[in-house]
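Where a number appears in this text, it was derived from the coordinates with a stated rule and is not lab data. Being a predicted model, the structure only gives us computed values, none of them experimental. Every residue, glycine among them, receives a Cβ derived from its backbone with ideal geometry; neighbour counts consider all protein chains shown.
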Amino acid sequence: MKKGGQVTIFIIIGIVIVSAMILFFVFRKDLGITVGESASKNPNSFLKTCLEDKIQEGIDTLLLQGGYIEPVLYKNFKFEDEKEPTQISYLCYSEADYLPCINREPMLIKHLKNELNDYIYDDVGNCFNSLTSSLEKQGYDVDAKYNGFDLILNENKIVVKINSEITLTKTGETTKQENFEVISYSRFYDLAVMAQEIINKESVNCEFNHYDSFNYPEFDIEKHRTSDSSIIYEVEYEDSEEKFNFAVKGCVIPSGYGLEIE
């Protein structure tokens, strides 16, 4: 009886394991799980895996450094939680005392798009070549055409539209796929729009004051004033915790102004 009972237990355990595996494979599609998915079945997924780190790296750098991959006119500023200062670009700047700052990027969205486009340019082409190489290794005859890509900044996401087509032939069967997309979810665009609003106020009114921020409850806006009267803005989109840092300098009142000297 004891041996028979053990056999019965092992049988029950085996049935449970097999049932769990069947359920996993039946429902994995609905759960969005892919196991060993090949480049031929999901090229968009292949390209996303190849590109997502580079795209995110570009976004992070632009947000940290005031919208420039390589800042030209910038303020070195050290945040409390950082060990080293950051080069934060001036998006609005004036050397003259008293005068409002001049908007250095009146078409900020276009500027950011160009910066990110240039940053990922080589990687998009390289990832497409990696895709075709992967397909050839799977035994396909590959006819690939790559015609560059378009970068689109939208609310809540960044889209890389890869203008290309791939014709695959294997065991006498031919298929064609074209115009792939890689989507990265980010508040990059929304932060840029808010930064543009702040810069416009600074360039006209010499400030973006505390009351203005009440009109934008989704943003957390902090200002840090430096010893040379520059202002470092930290603009955070609260639901993503992404921050856009940038510098402003204008309407500077010289030290000692208004004091009587006897």
Item to check | Within the stretch 130-205, GluC sites (Glu not before Pro) in DSSP loop having at most 10 other beta-carbon neighbours inside 10 Å | outcome: GLU155
Checklist outcome for this item: Per the charge dipole of the stretch 38-182 (beta-carbon charges, Lys/Arg positive, Asp/Glu negative, Cα centre), the residue among THR49, ASN156, THR169 reaching farthest to the positive end is THR169
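If you filter the stretch 214-244 for chymotrypsin sites (Phe, Trp or Tyr not before Pro), then keep DSSP loop positions with at most 10 other Cβ within 10 Å, what is left?
Listed in order of number, the matching sites are PHE214.
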Checklist entry - What residue among TYR68, LEU112, ALA144 has its Cα farthest toward the positive end of the dipole of the stretch 43-249, where the charges are +1 on Lys, Arg and -1 on Asp, Glu, each on the Cβ? => result ALA144
Next on the checklist: Strictly over 20 Å apart at the Cα level, which of LYS54/LYS157; LYS201/LYS249; LYS110/LYS249; LYS48/LYS110; LYS54/LYS176 would you flag in this model?
Outcome noted: LYS110/LYS249; LYS48/LYS110; LYS54/LYS176
Checklist entry - Taking θ as phi - 60°, what are the ³J(HN,Hα) couplings along the stretch 217-231 by the Karplus curve (6.51, -1.76, 1.60), each to the nearest whole Hz, with x for Gly and Pro? => result x, 7, 10, 10, 10, 10, 10, 10, 9, 9, 5, 9, 6, 6, 10
Checklist entry - In the stretch 86-147, which chymotrypsin sites (Phe, Trp or Tyr not before Pro) fall in coil by DSSP and have 14 or fewer other Cβ atoms within 10 Å? => result TYR98
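What is the extension gain from SER133 to GLU218, computed as 0.36 nm multiplied by their sequence separation minus the C-alpha to C-alpha distance, in nm to one decimal?
Values: separation 85, 0.36 × 85 = 30.60 nm, distance 4.45 nm.
Answer, rounded to one decimal: 26.1 nm.
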Next on the checklist: List residues of the stretch 145-170, by number, whose backbone nitrogen lies under 19 Å from a label position 7 Å along Cα→C-beta of ASP239.
Outcome noted: 153-159
Next on the checklist: Going by amide H atoms built from the backbone, whose H comes under 5 Å of the H on SER164, apart from near neighbours?
Outcome noted: ASN147, ASN179, PHE180
Checklist entry - Can you put MET107, MET194 in order, fewest other beta carbons within 10 Å first? => result MET107, MET194
